[in-house]
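Read the structure below first, then the notes.
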Amino acid sequence: MLAYLVLRTLAAPVPLALTGMTLYLVLPSGTTAMRPMTEGLMLALTLAALWGCALVLGGTRPRAGLALVGGALLALFTVKHSQALFLGACLAAAGVAVAVRRRWRGMPAGRGPAALAAVGCAGVLGTVLVSRLLDYPSVSESVQDLLTGHFARPDRERPWAEFLQLQGNFWMEWARRQLWEPFFAAALVAGALGARRRPAFGVFLAAAACTGILNQAGHPDINIWGDRLITLAWLLPVLGVPAAAGAGAAAGGGARPGGAGGAGGLTGRHPKR
């Protein structure tokens, strides 16, 4: 349902919004979401944050959108604080990227991207501060936990060097498997091409999908069942492909009067935001 709401906020027609919801269910994102694991909640909350981004960029309900993004980050902290950190950082980077690109093209940066970047930065800062107050494990402790098999072996003297070597080995094997079964890579490419049709929102969508890559990079274990750690990356094709089709329909038939913010506010061409 959240995928449907995001696409409707992007002014996508109902059939395309239903297509996005169907993609969410039939792709591995749906399978993972139905399992009793944290990834299901992470997917839902990340979609909620993207819905908030669409509301802000479209100019329809910017305050509600910002509250939705902030609430999603807060809820993510209770589910998995590292994901709240990743999403906050990626949204902040996306907001800065959109604002800089608009300035580069001689357009007003708009308050929407800057506000979303500020909320993302607040999420990062809040996650770091509260994690320290609650005495959560540090990054170094997490790396030692990974390398020592949950501290079943002595601590490593050079944990970061081993961690980087493990990263290289993991991503080489991951790439080899993608060449053998390229569906995931093809879906990401299709989603990325679709996101380009929505330049402003597409940047935030790509940023949210990148949290799946970051989550997997934090646990470079090729044997983790079902590639569940990288599941958030599936949001790129889930929303990118229908959104691109919706943008094409809007360009061909004109923006719908009274639509959810219109196409202009989401493509970076809105005169005010």
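Values as computed for the structure displayed
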item: Exclusive hit being surrounded by fewer than 21 Cβ atoms within 10 Å (Cβ to Cβ), among the hydroxyl-bearing types (Ser, Thr, Tyr) and free of Cβ contacts under 8 Å to residues at least 60 places away in the same chain, set Thr78, Thr31; result: Thr78
item: The range 20-53, subset polar (S, T, N, Q) and either modelled with pLDDT under 85 or touching a Ser or Thr at 6+ places or on another chain (Cβ under 8 Å) (or both), residue nearest to His81 (Cα to Cα); result: Thr38
item: Selection within the range 136-162 - within 11 Å of Pro220 (Cβ to Cβ) and touching a residue at least 40 places away in the same chain (Cβ under 8 Å); result: Leu146
item: Evaluation of Leu133 against (1) of a type in the set (A, V, I, L, M, F, W, C); (2) more than 25 Å from Thr231 (Cβ to Cβ); (3) in contact (Cβ under 8 Å) with a residue 12 or more places away in the chain (one fails), failing number; result: (3)
item: Residue, farthest from Ala33 (Cα to Cα), within the range 211-237, restricted to residues that are at pLDDT below 70 and aliphatic (A, V, I, L, M); result: Ile222
item: Sole residue being at pLDDT 85 or above and assigned to a helix (DSSP H, G or I), chosen from Gly246, Gly240, Gly194, Gly265; result: Gly240
item: Selection from the range 189-217 of residues that are surrounded by fewer than 22 Cβ atoms within 10 Å (Cβ to Cβ) and in contact with a Cys (Cβ under 8 Å, 6 or more places away or on another chain); result: Cys210, Leu214
item: From Arg35, Arg61, Arg101, residue being within 30 Å of Pro137 (Cβ to Cβ) and either touching a Lys or Arg at 6+ places or on another chain (Cβ under 8 Å) or basic (Lys, Arg) (or both); result: Arg35
item: The range 197-212 residues that are on the phi < 0 side of the Ramachandran plot and among the aromatic types (Phe, Trp, Tyr), paired with ones that are outside any helix (DSSP H, G or I) and crowded, with 24+ Cβ neighbours inside 10 Å (beta carbon under 8 Å, 6 or more apart); result: Phe201/Leu10
item: Residue count for the range 102-136, restricted to those that are outside any helix (DSSP H, G or I) and surrounded by 12 or more Cβ atoms within 10 Å (Cβ to Cβ); result: 5
item: Members of the range 137-146 that are in a helix (DSSP H, G or I) and surrounded by fewer than 17 Cβ atoms within 10 Å (Cβ to Cβ); result: Val139, Ser140, Glu141, Ser142, Asp145
item: Evaluation of Ala115 against (1) out of contact with any Lys or Arg (no Cβ under 8 Å at 6 or more places or on another chain); (2) over 21 Å from Ala208 (Cα atoms); (3) in contact (Cβ under 8 Å) with a residue 40 or more places away in the chain (one fails), failing number; result: (2)
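The values are calculated or read from the model by the stated rules, or taken from the named source; none is laboratory data. In this text, all values refer to a predicted model and were calculated from it rather than measured experimentally. Cβ atoms come from the backbone with ideal geometry, glycine included; neighbour counts cover every protein chain shown.
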